[in-house]
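Chemist: For reference, the structure I am asking about is given below.
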Amino acid sequence: MLSLEHQSAEDFRDTPYGRQLLAGFRRLLFAPELEREFRRYLGYQARLAQLMGACLLLLVVGGYLYVERRLFAHSEPQWLRELTLLRVLQMAPGVAILIMTLFHRRIRLIANRLFPVLLVLVGTIAARIDIQYEILQPELAFRYGAGLLIVCSFFFLGITFWRALASAAAIVLFDVLMAAFILPSNEMQVHWISVSYYVLLLVIGAISRYIHEYSQREQFLVRKLLGWVAQHDSMTGLANRRSFDTALKQVMLQARRDHQPLALLLLDLDNFKAYNDNLGHPAGDALIRNFSDLLGSFSRRPMDLAARVGGEEFALLLHNCDARSAQAIAGQILSALAERAMPHPASPQGAFATTSIGIAVWKPGQTAEQLYQAADAALYGAKLAGKNRYLMS
């Protein structure tokens, strides 16, 4: 017989978070649905950093532009005009990010997807400015702006390791292509020193980001798993009473808004104390887990919920389910339990374990407490009528 601790661990492994945690993620990729959830989480966590990064970009580039206009005002007017245009283009992504964060959450998600593209744009412009500084060789030059953007791509921007790596690599690639097109061959040889510097920054940033994101992903899974534990019964994996109470109120609001029926089934294993007294508590735990597995098969739709609300007491919440459908499902549960034929030598109803079911269908104006009380009264009536049956309230 499985111990409670072992069974709980099995339940955790049945969650997408537990499976991913045990499977590992050396490539920094989750299963598709979980990966999307992680990226939303990452974007939310980095939102403040992105805003600060956008403001810092505007401040720094604006400061560069002010100093450069004073530096080149008389010596290089043509370069100053080109430099001014490039600096304005560098600031444009920061302005776009600030504007998009003011809108709806969906717009912010689009901004997160565009972030790597904007980063490459800013980095490429920085590389173009660096190359021109190599040609002019002024006394004061803001060199290696592209290197700064390569480092920044790996941190604080709310993008995953692979997107950051692709962005940084793209900046290096565009820098090499532009330099090869603009610089003569003898100066290109010198420029390779800058390229080697950029590649070194890319390697250091990638290693640091990999370690950091691995920890982020692990923390994300552990938090989600702890949240799952807080909302589920440790023995069965079904929702616990607290999460059931919360879900009941939410589903009732949904039913009221959509003008759809809602059914609540309360179930109680018949003569469970006698089962425990005759076969022992380990056998009783096994019966509860077996019945929970059966009940969970009847809550496959997104808005449905199966919960363990007491020792041998369970609830099944069925969205968009009228009285006739609820009775049909209750009958199917009784039949499915009979087919499993779990021996119960102390049962007055027969040789196998049975259950009684109380059904209540939500009525407009009814509160969650009133709906539960109606189902509970029907369950009590089913018990008084002889058990192993269902009764409508």
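Chemist: I'd like to know if segment 270-279 contains one or more residues that are closer than 27 Å to Glu33 by Cβ, modelled with pLDDT under 90 and in a helix (DSSP H, G or I).
Modeler: no
Chemist: Among Leu253, Leu305, which is the only one that is of a type outside the set (S, T, N, Q) and in contact (Cβ under 8 Å) with a residue 60 or more places away in the chain?
Modeler: Unique residue meeting the criteria: Leu305.
Chemist: For Tyr64, indicate whether it is open to solvent by 40 Å² or more (accessible area, probe 1.4 Å), among the aromatic types (Phe, Trp, Tyr) and under 34 Å from the mean Cα position of the chain (by Cα).
Modeler: It is false that Tyr64 is open to solvent by 40 Å² or more (accessible area, probe 1.4 Å), among the aromatic types (Phe, Trp, Tyr) and under 34 Å from the mean Cα position of the chain (by Cα).
Chemist: Please give the number of the condition Lys363 fails out of (1) without any contact (Cβ under 8 Å) to a residue 12 or more places away in the chain; (2) assigned to a helix (DSSP H, G or I); (3) not aromatic (Phe, Trp, Tyr).
Modeler: Condition not satisfied by Lys363: (2).
Chemist: Turning to a different aspect of this structure: Among Ala166, Ala146, Ala170, Ala180, which is at negative phi and without any contact (Cβ under 8 Å) to a residue 12 or more places away in the chain?
Modeler: Ala180
So that you can scan it fast, the table gives a plain yes or no per residue for (1) of a type in the set (S, T, N, Q); (2) modelled with pLDDT under 90; (3) under 30 Å from Asp130 (Cα atoms):
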| residue | (1), (2), (3) |
| --- | --- |
| Val190 | no, yes, yes |
| Ile204 | no, no, yes |
| Ser208 | yes, no, yes |
| Leu225 | no, yes, no |
| Trp228 | no, yes, no |
| Gly237 | no, yes, no |
| His281 | no, yes, no |
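Chemist: When only residues in segment 38-79 that are of a type in the set (D, E, K, R) and in contact (Cβ under 8 Å) with a residue 60 or more places away in the chain count, which is farthest from Ser153 (Cα to Cα)?
Modeler: Looking at residues that are of a type in the set (D, E, K, R) and in contact (Cβ under 8 Å) with a residue 60 or more places away in the chain, I get Glu76.
Chemist: Look through Ser347, Ser356, Ser325 and report the one residue that is out of contact with any Cys (no Cβ under 7 Å at 6 or more places or on another chain) and in a helix (DSSP H, G or I).
Modeler: Ser325
Chemist: Of the residues Met252, Met235, only one is open to solvent by less than 30 Å² (accessible area, probe 1.4 Å), touching a helix residue (DSSP H, G or I) at 6+ places or on another chain (Cβ under 8 Å) and either polar (S, T, N, Q) or part of a helix (DSSP H, G or I) (or both); which?
Modeler: When all the criteria are applied, what remains is Met252.
The values are calculated or read from the model by the stated rules, or taken from the named source; none is laboratory data. All of these numbers come straight from a predicted model, not from anything done at the bench. Counting neighbours? That spans all protein chains shown, and the Cβs are built from the backbone with ideal geometry, glycine included. Calculation scope for accessible area: heavy atoms of the full protein, side chains included, ligands and nucleic acids excluded. Shrake-Rupley method; radii C 1.70, N 1.55, O 1.52, S 1.80 Å.
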